[in-house]
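Undergrad: Before anything else, here's the structure in question.
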Amino acid sequence: MSSLDSQAQVLLLRHIGELETALFNLGAAVIADGDRPAWVEGQDRTALARQACAAFLQRLDYSDALEPGGTERLQGLLGASDETLRWVGTVNRLKQALHGLLMRLDSGVIEGPKGQPTQRAWTAQLLTDIGRARFNRRQAVRSFTVLDAQPVAASYFWGKVRKIIRITRDEARLLLEKRIAETGDIDPRHRSQFEALMDLPEDEPLAQVQQLKEYPRVNLTFPTPEGPVRKQVMAAAPLFYPAETGAMAPEIIPLPDLEKKRRRLRRNDLSIELDAFLPSIRVHRYIKDAKHTGKD
C-alpha cells in the first residue's frame, strides 16, 4: 500500500467517523425533543415520527432496495430545540468537509487544489479498503434544511424539472445522424425526421428537452404581520424548524402517491411546441413569435 493510500484511508476514516458520531448525537437530540411537534410520513404518533427520523438521519450506506446513485427519502417536518439545531449545524459542516475530501480524492490528491475528477475509481477503492464498499456518498454529503421559523402549513407534492437547451439545426442534424448510426438506419422514422429537419431554415433555433426525475418538494406557509408568506423547498429529507415546547403543529398535506398525483396544468407561456418535432432526440420547435432564451 502506498503512502498516499494510507493517508487517504486515515482521512476517510476520520471524516466518516466524525460524521457518524454527530449524526448519532443529532438522532438522540431529535428523540429528546418529544414535547415539540413532529410529523414524518407514515407515522401517526409524534414519538414514532421522531424515532423514524432519527434512524433515517444516520443511514450512510446503500440499502438493498436502493438503486445505484439513488438516495433514501423521507418526508418530515420537525420542531427542534436550540440544542438540536446546533447539532444540525455541526452535521452540515461535517458533511461539507467530507464532500470536499471526496472531491479531492476524485482528482487524485489529498490537499488542494483539486483537478479534474478522473480518479473516482481510486476513491471507490479506498472506501472498499476501509470496509465501506456500500457507502452512499451522495446521501452522506446531502445537507439537512433548517427553516428560519415555524410554518403554519406544509403541502407536499411531486416536482419534475425539465432542462431545455437551445441548439442549432446543424447540432440537431449531428445528434440525429448519431442516432441513425447507432440503430443501423433500420427505423424509417429516423429518416423521415431527418428529412423534416433539413426542410427547416438553416438559422431556425431548436430546443432539446432533457427530462429529469420527479422528486418531492413542499410548499410552506409562514405567518407575518403583513400576511402569509409562502416558500417552496426540496423535501427529500426531514426539515427542521425552531419550535417551543408545546407549540401547535403545522397543518400538513402529505405527499401523494406518485401514480395518483394530479396532472399539473400546462403553462400558458410555454415557448416550445408541446409535441416533439424530432422525437428520436427530444427536439422541439419554438413557437413562432414566442420569446425564448434557451430556458422554459
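The values are calculated or read from the model by the stated rules, or taken from the named source; none is laboratory data. Just so you know, these numbers come straight off a predicted model, no measurement behind them. Backbone-built Cβ (ideal geometry, glycine too); neighbour counts: all protein chains shown. SASA here: full protein model, heavy atoms, side chains in, ligands and nucleic acids out. Shrake-Rupley method; radii C 1.70, N 1.55, O 1.52, S 1.80 Å.
Undergrad: Of the conditions (1) in a loop (DSSP other than H, G, I, E, B); (2) open to solvent by 40 Å² or more (accessible area, probe 1.4 Å); (3) within 25 Å of Pro228 (Cβ to Cβ); (4) not basic (Lys, Arg), Ile186 satisfies every one except a single condition; which number is it?
TA: For Ile186, the exception is condition (3).
Undergrad: A follow-up question, please. When you look at His284, is it at pLDDT 90 or above and surrounded by 12 or more Cβ atoms within 10 Å (Cβ to Cβ), yes or no?
TA: It is true that His284 is at pLDDT 90 or above and surrounded by 12 or more Cβ atoms within 10 Å (Cβ to Cβ).
Undergrad: Which residue, of Gly69, Gly112, is free of Cβ contacts under 8 Å to residues at least 24 places away in the same chain, assigned to a loop (DSSP other than H, G, I, E, B) and open to solvent by less than 60 Å² (accessible area, probe 1.4 Å)?
TA: Being free of Cβ contacts under 8 Å to residues at least 24 places away in the same chain, assigned to a loop (DSSP other than H, G, I, E, B) and open to solvent by less than 60 Å² (accessible area, probe 1.4 Å) holds for just one of Gly69, Gly112, which is Gly112.
Undergrad: Being of a type outside the set (Ser, Thr, Tyr), within 15 Å of Met234 (Cα to Cα) and out of contact with any helix residue (DSSP H, G or I) (no Cβ under 8 Å at 6 or more places or on another chain) is the filter here; which residues of segment 152-167 pass it?
TA: Ala154, Phe157, Gly159, Lys160, Val161 - these are the residues of segment 152-167 that are of a type outside the set (Ser, Thr, Tyr), within 15 Å of Met234 (Cα to Cα) and out of contact with any helix residue (DSSP H, G or I) (no Cβ under 8 Å at 6 or more places or on another chain).
Undergrad: Is there any pair with a first residue in segment 155-170 that is among the polar types (S, T, N, Q) and a second that is open to solvent by less than 30 Å² (accessible area, probe 1.4 Å) whose Cβ atoms are under 6 Å apart and which are 6 or more apart or on different chains, and what are they?
TA: none
Undergrad: Out of Ser107, Ser63, which single residue is more than 24 Å from Ala149 (Cβ to Cβ), exposed (fewer than 14 other Cβ atoms within 10 Å of the Cβ) and hydroxyl-bearing (Ser, Thr, Tyr)?
TA: Result of the check over Ser107, Ser63: Ser63.
Undergrad: Can you name the residue in segment 2-32 that is without any contact (Cβ under 8 Å) to a residue 60 or more places away in the chain and farther than 13 Å from Val91 by Cβ and is also least open to solvent (accessible area, probe 1.4 Å) among such residues?
TA: Once the filter is applied, the top-ranked residue is Gly17.
Undergrad: Pull up segment 33-84, narrow it to residues that are β-branched (Val, Ile, Thr) and under 18 Å from Met234 (Cβ atoms), then point me to the one that is farthest from the chain's Cα centre (by Cα).
TA: Among those that are β-branched (Val, Ile, Thr) and under 18 Å from Met234 (Cβ atoms), it is Val40.
Undergrad: Looking only at segment 80-89, decide whether some residue is part of a loop (DSSP other than H, G, I, E, B), touching a residue at least 12 places away in the same chain (Cβ under 8 Å) and not aliphatic (A, V, I, L, M).
TA: Yes.
Undergrad: With respect to Ala49, is the statement that it is in contact (Cβ under 8 Å) with a residue 12 or more places away in the chain and open to solvent by less than 10 Å² (accessible area, probe 1.4 Å) true?
TA: Considered against the rule, which asks whether it is in contact (Cβ under 8 Å) with a residue 12 or more places away in the chain and open to solvent by less than 10 Å² (accessible area, probe 1.4 Å), Ala49 comes out as yes.
Undergrad: How many of the residues making up segment 123-151 are touching a helix residue (DSSP H, G or I) at 6+ places or on another chain (Cβ under 8 Å), crowded, with 16+ Cβ neighbours inside 10 Å, not polar (S, T, N, Q) and not in a strand (DSSP E or B)?
TA: 8
Undergrad: Of everything in segment 189-242 that's in a strand (DSSP E or B) and farther than 27 Å from Leu74 by Cβ, which residue is most open to solvent (accessible area, probe 1.4 Å)?
TA: So the residue we want is Gln210.
Undergrad: In the set Thr46, Thr90, which member is at pLDDT below 95, over 21 Å from Leu126 (Cα atoms) and of a type in the set (S, T, N, Q)?
TA: Residue meeting the stated conditions: Thr46.
Undergrad: Can you name every residue in segment 159-183 that is open to solvent by less than 80 Å² (accessible area, probe 1.4 Å), in a strand (DSSP E or B) and farther than 16 Å from Pro279 by Cα?
TA: Gly159, Val161
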